[in-house]
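Here's the structure, in C-alpha cells; my notes come after.
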Amino acid sequence: MSIVDQTREGDVLVLTINNPPVNAFSPGVPEGLHAGLDAAESAGEVRAVVIIGGGRTFIAGADIKTFDLPREQAPDLRGFISRLDAFPKPTVAAIHGTALGGGLEVALACTYRVAVKDAQMGLPEVKLGVLPGAGGTQRLPRVVGVQKALEMMLSGNPIKATEAKDLGLVDDLVEGDLRSGAVEFARAHADARPLPRVSERTVTDAVPQVFGAARQGILKTHRGQLSPSLIVDLAEMSATQPFAVGWDSEARLFMQAKDSPQSRGLRHIFFAEREAGKVPGLTKDTPTTDVRQVGIIGAGTMGGGIAMNFLNAGLPVTIVETAQEALDRGLSVIRRNYENTAKKGRLTVEQVEQRMGLLTPTLNVEDLADADLIIEAVFENMDVKKDIFTRLDAVAKPGAILATNTSTLDVNEIASVTGRPEQVIGLHFFSPANVMKLLEIVRADKTSDSVLATCLALARKIKKVGVVVGVCDGFVGNRMIHRYGDEARKLVEEGARPQDADATMHALGLPMGPFEMSDMAGLDIGYAIRAHQAKVRGEPKPDGWLDRIVETGRKGQKTGGGIYDYDEKRRPSPNADVQKLIEDHRAEKGIRPREIGQEELTERLVYSLVNEGAKILEEGIAQRAGDIDVIYIYGYGFPAYRGGPMGYADEVGLKNVAAALEKHGQTPAPLLKQLAEEGGTFAAWDRQKGRG
Ligand code: 3HC
C-alpha cells in the first residue's frame, strides 16, 4: 500500500489516499496524487478519476504539523488544487468521515462530489487562527452562496452530507459502498463537456449588507482575532472580483494569518488538547471498567450539574441527599435547566423526560450499592468527606470507582479512610458543571492505572476535556488562580483600581478579570480559604482590603454586590464605599498609592500564573505545560488564541518573562529561570520530555 494507491476500475482510475490517522495533506500526498493525475492523463482509456480516502475518512485538511516548515518544504496543496481545477477529465471526490479544510478544498476543485450520508464537511481553519488557504474562500461561496459560506467559515463547524446535498455542495449521496457508488457516478458523468468547474461560477446571493453584518457579528464572536476579518474580506472578494484575484489574495492573507501569534497559539492548543488525554505508562491495553451506573452524593449546584453530564450521555444516575427538601430542590433545578434548553429548541420535550427518567433520587446511601462510579460533591470539609468515603467504602460494590469533586483538599487523605485507595480518584468539575468543558482528573498516590484510564475514557464520553493532575492544594487550576488573586489584590493595595485590573484582562481577551471573577464565585469563598490558611500557619486573621469588604456583608453577585455593584443585567459598576474602604486601608498601612500602567498590570497578573505554572511543572503536578494551557482555556476562559498562559509566555519569550518578574520583585521559579537562561520554551520542554 502506498501513500496514494492507483487502481483501475475499467475506464475509471481510483486514487486512494492512505495517510492515517486522518489522511491529512502531508508530505508525499501531493506527489502521490500528481502521479495519479499523470497516469490518468496519459492513459487514453481512463475517462474519469475518483479521489477517495483509505481508512476512516476523506482528507481532514492540510497537515497542521507542517505549518512551521519553510514554504519550499511544505506540501504544495495549492499547486495540486490548481492542477485539479484545470484537469481535462472529470474528477469525483468520494467523501466519507470528514472532508475538512484542505480536504474540502480538494473536493471543491474536483468536478463532482459524492458522499455517504453520515459524512461531514467544513472549513474549520478559523479555529486554528487561519483561513481556508487553498481556494475555499473563493469556491465555497460560489457553490453554497456567500451567506452560508460565511456562516461555515466563521463558525468553523462542519455540516452533514445531507445538508450539503440540499445546498448543492454534494452532487449525490451514495447508499452502500462509497467506492463503487463513486466509480459508477464517475462513469455516468465521464462524457460531460464542458466540465462544470466551480471556479467558473459566480456568487449569486451577495448583497452588501451581508458583509457589514458579518463584520459586526465577529466583533462579538471573535473579539480581538485576526483571521475572521480576513475571511470576511475574502468572501466579499469572491462576490466582487474574478476568481483569480480572490485566489491570489487568499494565498497572501493565509500566510499573514498563519504567521501570526494568534495562529501559533491556536495550533499549540489544538495539539495540547489531544496530548492532554495521554498519560505516560497508560496504553491502549490498560484495562478499563465499563461505567453503566453512576451515583452522586449531593444534589446542590455541583452535584446537580455533574449529574446532568451523565444523563446527557444516557447513563442512569442515582443522586443522594440528606434531606428530602434538598433533594426536591436539586431535582427541580435539573428539570428547570433541561426545560430551559428545550425552550431554546435544543432539546425536545421527550428528551427532557427521557433524561429525567434516568435520574433516581434517594435519601439512602445504600442505594448506591450497584453504582460503577460514585462521585461525592458535598461542601469542602475534610471531616465530612472522610465520613462519606468511610460509608461509601462499606456500601459500594467491589471495583466501584470512588471519586471526590473536591477543588482543593488532599485526595490521598480522603482515600486513606477506605480499604481501597487504588479505586479512589479526584474528578474536579468546574461550575457550571453541565457547561464547562474542563475536568481535572486528580491522580492520587495509589490510584490504579485502570481507574485513571476509565476516567479518561469517561471524560470523552461525557464530552469533557479530561486533564490528569497530581495532588496538591488547589491542583493545577485553583492553585494558579490563587496566586493570580493574591497578585491582583496586591496591585490594588499598591494603587490600581479593581476595574483597571479587570480591564487589562479584557484587553487580553479574557471574558472576566480577577475581581469580576471573584464577585461571581462569591467573595466569601476566598475569604474562608485565606482564613483557613492563616490558621494553619498560626498567623492572625487576614485583614486585607478585600477581607474588609467581605466583612461588610458584600460577598459578590449573590448578595447583590461585592467589589462592584451590579445592575439587573449583571453589569458591574464601581462602588464608592468600596473605593473608600480601599483608600482607608492603604492610608492605615502607610501605602502611598501609585499609578500602575497596563503593562505592569498585564505582566504581574499573567506572569504570576506562569510562574506558579512553572513550579507545578517542576513538581510534576501537571505533566506538560500544554496541559496547564488546556486547563486555563477550558476552566478559566483564557483565550485559546493567546495559547494559554504558558503558550503566551513562550510567545513573549521566557527571558522577558523572567526579567519582568524580577523587575516586579518576584523570584522566577527555577524551571522558568533555567529555560530563560537556555533560551528555551515550555513547548520545547514538553517535547524534550516526550510529552508534547
Ligand atoms: N494535521 C495533522 N494532524 C492531524 C490533523 C491535521 N489536519 N487532524 C488531526 N490530526 C491528528 C491529531 O493530532 C491526532 O494525532 P494523535 O493521535 O497523534 O494525537 C490524530 O490526528 C487524530 O485526531 P483526533 O484525536 O482529533 O481524532 P478524532 O477522530 O477525534 O477527530 C478530526 C478527527 C475531526 C479530523 C479532528 O482531528 C480534526 O478536527 N482535525 C483538524 C481538522 C482541521 O482543522 N483541518 C483543517 C486544517 S488547516 C487547512 O486545511 C488549511 C488549508 O485551508 C490550506
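The values are calculated or read from the model by the stated rules, or taken from the named source; none is laboratory data. Source: prediction; values computed, not measured. So basically every Cβ, Gly included, is an ideal-geometry build from the backbone, and we count neighbours across all protein chains shown. Surface areas here come from the heavy atoms of the whole protein model, side chains and all, with no ligands, DNA or RNA. Shrake-Rupley method; radii C 1.70, N 1.55, O 1.52, S 1.80 Å.
Normalised by the number of residues in the chain, what is the relative contact order in percent for Cα pairs under 8 Å and 6+ residues apart? Don't skip to the answer; put the middle values down first.
Numbers: 1274 pairs, mean separation 62.9, N = 692.
That works out to 9 percent.
Counting heavy atoms of the protein chains only and a 1.4 Å probe, report the per residue accessible area for the range 4-259 as a whole number of Å². Provide the component values of the computation, followed by the final result.
Working: 10230 Å² over 256 residues.
For the range 4-259, the per-residue accessible area is 40 Å².
With a 1.4 Å probe and all protein chains left in place, how much of the accessible area of the chain comes from carbon and sulfur atoms, in whole percent?
Numbers: 15210 of 29620 Å².
Its accessible area is 51 percent carbon and sulfur atoms.
Can you work out the accessible area per residue across the range 496-589, with the rest of the protein chains kept in place, probe 1.4 Å, in square angstrom?
Working: 4960 Å² over 94 residues.
Accessible area per residue: 53 Å².
Starting from the range 143-196, pick out the GluC sites (Glu not before Pro) whose DSSP state is loop and whose Cβ has at most 15 other Cβ atoms within 10 Å. All intermediate terms of the calculation are to be shown ahead of the outcome.
Working: sites: Glu151, Glu163, Glu175, Glu184; in loops: Glu175.
Answer in residue order: Glu175.
How high is the relative contact order of the range 41-181, in percent, with contacts defined as C-alpha pairs under 8 Å that are six or more residues apart?
Relative contact order here is 23 percent.
In degrees from 0 to 90, rounded to the nearest 10, what is the angle of the helix 449-461 Cα long axis to the longest principal axis of the chain?
Once rounded, one gets 60 degrees.
Nearest 10 degrees is fine. How inclined is helix 29-42 to the longest principal axis of the chain, computing both from alpha carbons?
10 degrees
Solvent-accessible area per residue for the range 294-469 at a 1.4 Å probe radius, Å²?
It amounts to 41 Å² per residue over the range 294-469.
Reachable lysines from Lys165, Cα under 20 Å, same-chain residues fewer than 8 places away excluded?
Of all the lysines, those that pass the test against Lys165 - Cα under 20 Å, at least 8 places apart if same chain - are Lys117, Lys148.
Write out the trypsin sites (Lys or Arg not before Pro) in the range 486-538 meeting two conditions: DSSP loop, and at most 12 other Cβ atoms within 10 Å of their Cβ. List each step's numbers first, then the result.
Details: sites: Arg489, Lys490, Arg530, Lys535, Arg537; in loops: Arg537.
Here the trypsin sites (Lys or Arg not before Pro) that fit, given the DSSP loop and packing criteria, are Arg537.
Which order do peptides 78-85, 391-398, 322-329 fall in by mean Cβ count within 10 Å, highest first?
Taking the mean over residues of other Cβ atoms within 10 Å, the ranking is 78-85, 391-398, 322-329.
Between the range 221-244 and the range 505-526, what is the separation of their alpha carbon centroids in Å?
For the range 221-244 versus the range 505-526, the Cα centre distance is 34 Å.
Any chance you could tell me what percent of the C-alpha pair distances in the chain go past 40 Å?
Details: 98403 of 239086 pairs.
Value for the chain (Cα pairs over 40 Å): 41 percent.
Just to confirm my numbers, what's the Cα centroid distance between the range 179-199 and the range 255-312 in Å?
42 Å
Before rounding to the nearest 500, sum -39500 (n - 2.57) across all DSSP H runs of length at least 4 in the chain and divide by the residue total; then give [θ] at 222 nm in deg cm²/dmol.
Details: 29 runs with 343 residues, N = 692.
Helices in the chain give a 222 nm mean residue ellipticity of -15500 deg cm²/dmol.
How big is the antiparallel share of DSSP beta bridges in the chain, given as a percent to the nearest 5?
Values: 18 of 63 bridges.
Expressed as a percentage, antiparallel bridges in the chain total about 30.
Quick one: angle between helix 227-240 and the longest Cα principal axis of the chain, in degrees between 0 and 90, rounded to 10, please.
With rounding to tens, the tilt is 30 degrees.
Of the peptides 20-32, 365-377, how do they stack up when ordered by the mean number of other Cβ atoms within 10 Å, highest first?
Working: 20-32: 18.9, 365-377: 20.5.
Going by the mean number of other Cβ atoms within 10 Å, highest first, we get 365-377, 20-32.
Once you've got the Cα coordinates, tell me which of Lys278/Lys464; Lys258/Lys344; Lys385/Lys569; Lys437/Lys673; Lys490/Lys673 are over 25 Å apart.
Values: Lys278/Lys464 14 Å; Lys258/Lys344 37 Å; Lys385/Lys569 37 Å; Lys437/Lys673 32 Å; Lys490/Lys673 23 Å.
The answer is Lys258/Lys344; Lys385/Lys569; Lys437/Lys673.
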